Amino acid sequence: MPVPMPDINLIALLPEILILLVAMGVLLLTAWSRETTQPLLGLVAMAGVALAGGILLIQTGMTTTTFGGLFVLDPFASAMKLLMLVATLLPLLMSWDYLARHRLDIGEYFVLTLFALLGGMLMASSGDFITLYLGLELMSLSIYVLAAFNRDDPKSNEAGLKYFVLGSMASGLLLYGISLIYGGAGGTGFAAVAQAMGEGGGHAPGIGLRLGVVLVLAGMAFKIAAAPFHMWAPDVYQGAPTSVTAFMAAMPKIAGFAAIYRVLLEPFGPMQSQWGPILQFLAVASLAVGALAAIAQTNIKRMLAYSSIGHVGYALIGLASGTELGFRSVLIYLAIYIFMNLGTFALILVVNNAGVGDEINDYRGLAKKRPLLAFLMAIFMFAMAGIPPLAGFIGKFYVFMAAVKAGMIGLAVTGVLFSAVGAYYYLRVVQRMYFEEAETAFRMEVGLLSRLVIAVSTLAVLYWGLLPGGLIDWAEASIRPLL
Amino acid sequence: MIPVADIVFYLLAAVLVIAALRVVTTRNPVHSALFLVLTFFTAAGLFVLLRAEFLAAILVMVYMGAVAVLFLFVVMMLDVDFAELRRGALSHLPVGLAVGGVILVELIIVALAQHSAGPVTEPAVAVPNTLAIGRVLYTTYLLPFEIASLVLLVAMIGAIVLTLRKRPDVRKQVISHQLARTRDQAVELKKVASGEGA
């Protein structure tokens, strides 16, 4: 009996295929090259990511599904993948000196980074829970290894192991949820699940399906480090090599949000009354943890971990509102977030090259020795705190506006309050840099690539803070076909 | 008529839950691994009840045959006092016998249930399930199949990156070096005057 093949349109997968080929190529080159030439493989990886970005730009606007609906290419997927490519390219660029200093610049570092990116891209394009789960596993597994990459450092090992054990449990939750949904809906395709969930008219679609929704959301919340599934984040952010922390704080968050978008809008679309309150709870819990726990931190990487939990909380407010404006505001927030965050990490990596530690107190007096660096750091801190006219304000403004328009005034007010609390610990960094005496000389070279990343991030934060029109249009064009 | 399928299902399910609980509650890691074997086997029995013989066979071969044995290896390589372990070898016997006995009983029950009651559940598909899985695995689910292969590749790369170390202080056997040695390099003749050798 002949078995029908599904339609296969490899054009739709071109960026993924390119990233895969570059990853495989770098892997082979790693095996055949000396250790001294391996850092150059980073350039190959970056070129591959940039080329994939070019293909994505050409693909923008294309809408097609392939592999019988397992893989979806639409403007939303393209937009999310573009953000992921940026969130991979910038960390690779800025970690050049750091990797060389810590002797981490071996080929496998770049291979694993590319595989993590590939997993994230597949998540953004998934049209089926199976593709979603496998993309998630590919991304997570690569990042577990990256977190432990500095294997002579016990803290890095601890970070990798913690992330792995807790991440496996989250994957278990997610899989259990998917299997319950499969049991209730009779299929894993998003369209089939949406149909099954819609049958009950939006309410009471069976306990199995409802439990499945909760478990899937819990698994996803773990991946984006939303409270109360955030326990791993501070330790892993602190222990992992700083270049990996920068990558981890950007790319997987975009991928996680892309997956949440897909799941909420397609299969769980008919169950908004079910997931709305869950997301509201996650948002408020993340805001509280992000703002309150960060105050007590003395390590800047730990502080940024809590800060990223808080940022996830703001983004979740937009999702919880469940309106078109809300979904658009999250995309705007994420685009701004990666530039604020990566700019900050680029500066941390630069300061780290001077042999300075990761404690907030190590930044004392930076303004007196390196005024420009301190000024730029202050810009990013103000942006994260959401102070106008920087881009961070625009992101928060749209999220709160979406919540207010959806009638969730309480949620918006909570967000504003925690935003004020959060400003305290961002400004504390500024206070240390400007109003205390320097203990070290901060003698370091700022590499060309790091300068490039810092310049791009600063420009993005300043430009979008003043003229966000282009960003808003882009977000709207990306999100509309999905609704 | 006695609902054979239901009785067998609840029996297997009860054993499965108890064995899974014992995996995490027992103190001895070796016992823990043995209960894990029992858990896998009972789950395989449930698959047979569902007429998914292929999955059952895979579960037995991969999880019991490979994964559980690997666990046992790891458990034994961990910081376990070997003298203690050997001294208590007889104390493992009851647990081992119990696990083996339960597996044997389950085998008989499942076999009897199939013979006495015919198909205990309706077959999920008309074709043999190995064929059914094969058909969709390389067609409908081609993309996930390929991604799964990448997940395995990353696992392999990760394991190598995190554990392979070049250690300069270790003397490796290089056979070509050994073969290339000449008599002059390897043998040194010393004249020792008679009576002065130590």
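With a 1.4 Å probe rolled over the protein heavy atoms of all chains, the accessible area of A:34, B:171, A:210, A:151 falls in the order B:171, A:34, A:210, A:151, largest first. Residue B:181 exposes around 150 Å² of accessible area when a 1.4 Å probe is run over every protein chain in place.
By the gyration tensor of its Cα atoms, with a ≥ b ≥ c the square roots of the eigenvalues, what is the shape of region A:225-266: rounded for a/c under 1.5, prolate for a/b over b/c, or oblate? The shape class here is oblate.
Rolling a 1.4 Å probe over the protein chains gives residue B:175 an accessible area of about 100 Å². For chain A, give the percent of accessible area contributed by carbon and sulfur heavy atoms, probe 1.4 Å, rounded to a whole number. Solvent-exposed carbon and sulfur of chain A make up 68 percent of the total. Normalised by the number of residues in chain A, the average gap of Cα pairs under 8 Å and 6 or more apart makes the relative contact order 15 percent. In sequence order, region A:44-56 has phi-based couplings of 4, 4, 5, 4, x, 4, 5, 5, 4, x, x, 4, 4 Hz under the Karplus curve 6.51 cos²θ - 1.76 cosθ + 1.60, θ = phi - 60°, and Gly or Pro positions carry x. Phi angles of region A:238-247 translate, via the Karplus equation with coefficients 6.51, -1.76, 1.60 and θ = phi - 60°, into HN-Hα couplings of 6, x, 5, x, 4, 5, 6, 4, 4, 5 Hz per residue; Gly and Pro are given as x.
The candidates A:464, A:275, A:474, A:32, arranged from most to least accessible area with a 1.4 Å probe in the full protein assembly, appear as A:32, A:474, A:464, A:275. Which net charge results when you count Lys and Arg as +1 and Asp and Glu as -1 among the other residues whose beta-carbon is under 11 Å from that of residue A:268? Value of the local net charge: +1.
Residues whose amide H falls under 5 Å from that of residue A:359, counting only those 5 or more places apart or on a different chain, are A:300, with hydrogens built in the peptide plane.
Can you flag which of A:155/A:301; A:162/A:253; A:81/A:405 are past 20 Å Cα-Cα? Those over the limit are A:81/A:405. Distance between the C-alpha centres of region A:428-454 and region A:297-331: 26 Å, rounded to the whole angstrom. Going by amide H atoms built from the backbone, whose H comes under 5 Å of the H on residue A:128, apart from near neighbours? When sequence neighbours closer than 5 places are left aside, the close amide H contacts are A:190. Region A:358-405 and region B:1-37 have Cα centres lying 56 Å from one another. Residue A:164 exposes around 90 Å² of accessible area when a 1.4 Å probe is run over every protein chain in place. Summed over both chains, the area buried between A and B is near 2400 Å², taken from the accessible surface of protein heavy atoms with a 1.4 Å probe. Taken one residue at a time, the phi angles of region A:449-458 give Karplus couplings (6.51, -1.76, 1.60, θ = phi - 60°) of 5, 5, 4, 4, 4, 5, 5, 4, 5, 4 Hz. Gly and Pro are set to x. If you take all other residues with their beta carbon under 12 Å from the beta carbon of residue A:84, and give Lys and Arg +1 and Asp and Glu -1, the sum is +1. Each listed q (0.11 Å⁻¹) maps to a log10 I(q)/I(0) for region A:276-483, found by the Debye formula over equal Cα scatterers with no solvent: -0.51.
With a 1.4 Å probe rolled over the protein heavy atoms of all chains, the accessible area of B:162, B:143 falls in the order B:162, B:143, largest first.
Taking Cα pairs under 8 Å and at least six residues apart, what relative contact order does region A:276-483 come out at, in percent? Here the relative contact order equals 30 percent.
Pairs of alpha carbons in the protein assembly as shown separated by more than 37 Å make up 45% of all such pairs.
Neighbours of residue A:445, meaning other residues whose beta-carbon lies under 15 angstrom from its beta-carbon, give a summed charge of +4 when Lys and Arg score +1 and Asp and Glu score -1.
Here, region A:119-251 yields an orientationally averaged convex hull projection of 7.8 nm² when only Cα atoms define the hull.
The values are calculated or read from the model by the stated rules, or taken from the named source; none is laboratory data. Worth saying up front: this structure is predicted, and the values here are computed from it rather than measured. Note that each Cβ is placed from the backbone with ideal geometry, even for glycine, and that neighbours are counted across all protein chains shown. These area figures cover heavy atoms from the full protein model, side chains too; ligands, DNA and RNA do not enter into them. Shrake-Rupley method; radii C 1.70, N 1.55, O 1.52, S 1.80 Å.
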